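The values are calculated or read from the model by the stated rules, or taken from the named source; none is laboratory data. Quick caveat: nothing in here was measured; it's all calculated off a predicted structure. Heads up, the Cβs are rebuilt from the backbone with ideal geometry, glycines too, and the neighbour counts pull from every protein chain shown. We work out accessible area using only protein heavy atoms, side chains counted, and drop any ligands, DNA or RNA first. Shrake-Rupley method; radii C 1.70, N 1.55, O 1.52, S 1.80 Å.
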Amino acid sequence: MDSGRSVKRQRVNGGPEATPVKRTTSKLFAPFRTVGLVSPTTVPFTSVPLGKTSFQLTTSVGGSLQTYDVRRGLNLVFITRPQTPTTITATASWKDKVIAAFGDSRSNTQSGVWIFKRGKKVDELPLPEDFQDDIKRIIVFGTWIAACCLNRIEVWNAFTLEHHTTIYNSKPTRSGQLPSFTGVISTVPTYINKVFVGRRDGSVQIWNVSTSKLIHTLEPPSKSIGAVTALEAAPALSLLAIAYASGPVVIRDIRADSPILTIMAGSEKYPVTSITFRTDGLGAGHDGREEGVMATASTEAGDISIWDLNQGGRKMGVLYGAHNPPLPSLTDGQKAAGGISKIEFLAGQHIIASSGLDNSLKTWIFDATPFSPVPRILHSRAGHAAPVSTLEFLPSDFDGAEAGGKWILSASNDRSFWGWSLRRDGQSTELSQGASRKKAKKMGLLSHATLHERDKGMSLEDLKVPRITCMACSMNRDGGMGAMPGEKSIWTSGKGSKSKGSNSTEKSATTGWESVITGHEGDKFARTWFWGRKRAGRWAFETGDGANVTAVAMSPCGTFALVGSASGGVDMFNLQSGIHRRRFPPRLTPAQAKRLKLLQLQPHSEASTSDSPKFHQGQGKHTRPVTGIVVDNLNRTVISCSLDGKIKFWDFSSGSLTYELDWSPMTTITGLRFHRSSDLLALSCSDACIRIIDIATKKLVRELWGCETAIADFLFSNDGRWMVAASSEMAESSRKGSAISKAPRSTVRIWDLPTAHLIDAFQLRGQCTALAFSNTGEYLATSSSDSVGIDIWTNRTLFTHVPTRRIAAEDVADLVQLPSASGEGGSTLIASAITESNSDVNGAPNDELGEGDDDDVAALPEIDQLSKDLVTLSLVPKAQWQTLRNLDLVRERNKPKEPPKAPEKAPFFLPSIQDSSASKRDASSKELVASSGTADKQSNELSRLSKSTAIGRTADRDTFTSLLHTASTSASTEHYARLTKYLAALPPSAADLAIRSLDPAPPYTELVTFLNAITTRVRERRDFELVNVWVGVWVKCHGSLLLSGEEDGLDEVREALQLWREEARLETERLEGLVGLVGGVLGWVGGV
């Protein structure tokens, strides 16, 4: 320290031997969890009964399992931890446990079988040393656990969990090759120790797992029937249903080895992959009173077929569109996942559960009265079936009802629009697009026979709106669940009849209207949505020039929606009435157009002057697609940008152009973001640079470089201090000979806007498609092209200090830990802060976070006083010094109103507790007196106890007295500071006792020293309010002494008190002068 300033530490170069440590985590963000995952994998769900009527369904979401309670409406109850090292490939339920197998033989990663109970790992099954396959199915029966792979079957003892044996595929073909298993395995009741395994040649082998012997082989009906795709035991004894790749389902009698029934339930294009039987004894026949119901499904279609197996078998009905079928989307040839992975009748119930590759889990119920052979939906949990393309956190409304950044809106390539709750997973829902599934059923589009005949007609995709490319939201006019009650028409044009529009306007004036507007790919309509009602809105706004929508925006008040088109037009609509209000620039009347043409023909007119700042009405339309629109906070200015490289400022009221920034042909503008609190405008450009404009001055204030490729998405932080951007890049993944295979990666970069420094950068696997930052600053949301979930990251800087030093452009963290559905490995806001603070306290620098770099991180000094010219208040809580000032009143108020009363005596037949305790005390006292010999010894013991108690109570007073004596002998500022600091730390009662206990006897040394100490604090301008309280207590306790007479030493006390009074007066006058000066300046400024 030199003259009160800290000397800046110099950077020390590490020299050529210093090697930088590659960071593996982000400095500013920690992984939290992944939302939106229900059943995104091909692993079938597994069910476990809890009693007779309650069931739990467990699905796989990659590295963890999610368990849902059927009785509670598919409420999420467990998520397994820890995560498996690799992706889960098979699951099975066993009593109150769930078994999960994981591994990937193609990448030579770790394989294993873990056992979970209530979401926690409790055990693990051992694997042989030569195990290198992927487990496809797991079954538990009797005392055995069997896992089927493509070339072997592993068997464990279910009670000891020891590995029992390995069964290898041993049947050779004519070519000498060993046909592998299909991964389908099943058991049949009463067949002890037997498993049935499907093969690729269509045969089914029966193995004894206890002896590892092949018992029998069920040959296929024909050689061309295909591989076995599904096996399921029927409720009747010795019957097994076998599905083949060519489509048929054969029910065989195992004991007779003969087929009983053959049903063509599928085809070569849609083979049956899941079979289930109803076990409640109902559902078949014309009235549903008979048993014998079977259901089939395929991974290549989204339908569930219901079969009556009586009298030769017949199809009772088809549940069309139970899950979305696998269909190609309209973007980049990417497919939206679909198909059914598994169906299962719950034991003894008229409920069937199904899971689909469209990331959904559903339960269906069969109605008995009136009887229906086709079930209806009971409960559903779902998510996006394709990667997310657009993200945005829901903003707060005018009364803060949605405050906290706990809702996030997402749009996907599967044309769905979802709202996700970060508080409770069960609140997440898809915004309805109308009865599109009903229309599809009527048109027959959900039948797999016409599903892929896109060239002959419409498909299921065509009934949904195109993929959402942009969205805007404002909650200020959202009416919640009561918005527009009874309104059924959706997405109508505002150009309809006036009577209908006026009626709708009157309703919305009292209930609120739409709060979300979206733009769609290849569509000229921008559509509105009710967030409160979670459904489509009333209006579809068409662009004025008939071109496709490329950008949308909403005014801060929530009343107006703006739509930008691919031809450069910008139109404004009223959300309440749906009427077109304005065009930017406005359309000219014939007279205005003629006048403008005459002005342009004049050689020295303003219209022909290129450097003139004035723009005439009707001029300034963008010449290329609009890429961003925003409205300022006061609804005065509309700002738009385009691929023509121009940023235009429009007058909100008239629609005329007021100012323009032209960056062409240097660059084009691909996106726009606006931070309302700071009036900063961010624009992403084609040269991979983000430029910041202050809209008040219309000047370029920052240029942020660092992205290597085109910017995928970018945004401001909630406080406007950071700029976050994501760009796609390619990373080297592996070497194959001399070639290097590259995997797509995305890099998220964070800049500090005040300094324009790059402060953090980290990589994401896959291409990042969207970013979102919560309005509270708690969360950062990201989405990637290889996942249907949304990754949530927590902001570390909210609860701990994170150094934001500048980093090099190549200092990018390669993430090894990403958010997961279970949240394992991630950290919440507080947990992240605790982890960081603990590492600092323990003295272990975290180099990965940049906290171990002493070049830029220095210990902050404890600032006791900012400046000696400022009056500093104490850190004592206000309630504490106010209690000290009014301690007499507090004690008076806390006195009991009346003396305590003795408890009433109980009846004579009930012993009294007080009497028994009093008798015990009397007996014990008599024994004590008898043992001690005299009552004097007893009194001595009691006085000894009271003395020790008194010593404990006066410990604070003795410390205060010693500090007084030290300060009186040295009379230094340092000792005075110690005295006042100790007194400030005492509670009100102890501080009052310390001041009252000052020695009032001559020569009054303690009184004078105390007054000198507080006078020194006033002179130093410290503890201003606390010093005044102490003086008040001192005068209340010792003021009468000054009026008693002219004793020796009292003059020194009066002089010390007068000195404090003078210092306090001077300081008060100084403060009054400063306050008066500031008030006069503010009054003058306000009157200018």
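Structure notes:
- Put simply, the amide H of R33, placed in the peptide plane, has neighbours under 5 Å in I792, S820, leaving out anything fewer than 5 places away on its chain.
- Amide hydrogen proximity for N75: with H placed 1.01 Å from N in the peptide plane, the residues at 5 or more positions away or on another chain lying under 5 Å are D69.
- Across region 678-691, rounded Karplus estimates of 3J(HN,Hα) from the backbone phi angles (6.51 cos²θ - 1.76 cosθ + 1.60, θ = phi - 60°) give 9, 6, 9, 10, 10, 10, 8, 10, 5, 8, 6, 10, 10, 10 Hz, Gly and Pro being marked x.
- Over 27 Å between alpha carbons, listed pairs K194/K362; K269/K439; K97/K136; K136/K223: K194/K362
- Between region 652-720 and region 810-824, the alpha-carbon center distance in angstrom: 30
- In Å², nearest 10: area of D280 left accessible to a 1.4 Å probe: 40
- Taking amide H positions as modeled 1.01 Å from N, with prolines and chain starts lacking one, the residues under 5 Å from A234 and 5 or more places away or on another chain are L239, L240, A241.
- Gyration tensor verdict on region 960-1015 (Cα atoms; rounded if a/c is under 1.5, prolate if a/b is larger than b/c, oblate otherwise): oblate
- Label point 7 Å beyond Cα of S380 along Cβ direction - residues of region 53-91 with amide nitrogen under 15 Å: 74
- Loop-resident trypsin sites (Lys or Arg not before Pro) (DSSP state other than H, G, I, E or B) in region 203-283 with no more than 14 further Cβ atoms inside 10 Å of their Cβ: K223, R255, K269.
- Converting phi to 3J(HN,Hα) with the Karplus coefficients 6.51, -1.76 and 1.60 and the offset θ = phi - 60°, region 979-984 yields 5, 5, 5, 5, 5, 5 Hz in sequence order, with x at every glycine or proline.
- Mean shadow area of region 99-209, taken as a quarter of the surface of its Cα convex hull (nm²): 7.9
- Residue-by-residue Karplus 3J(HN,Hα) for region 559-575, coefficients 6.51, -1.76, 1.60, Hz, glycine and proline x: 9, 10, 10, 10, 10, x, 10, 6, 8, x, x, 10, 10, 10, 10, 8, 6
- Where trypsin sites (Lys or Arg not before Pro) fall in DSSP loop in region 1055-1088, at most 11 other Cβ within 10 Å: none
- Solvent exposure ordering (accessible area, 1.4 Å, most first) of K648, K597: K597, K648
- Cα gyration tensor, region 180-294 - rounded (a/c under 1.5), prolate or oblate: oblate
- Across region 650-803, Cα pairs under 8 Å and at least six residues apart give a relative contact order of 13 percent.
- Between K52 and L870, the contour length at 0.36 nm per residue exceeds the alpha carbon distance by 286.9 nm.
- Shape of region 180-235, Cα gyration tensor, a/c cut at 1.5: prolate
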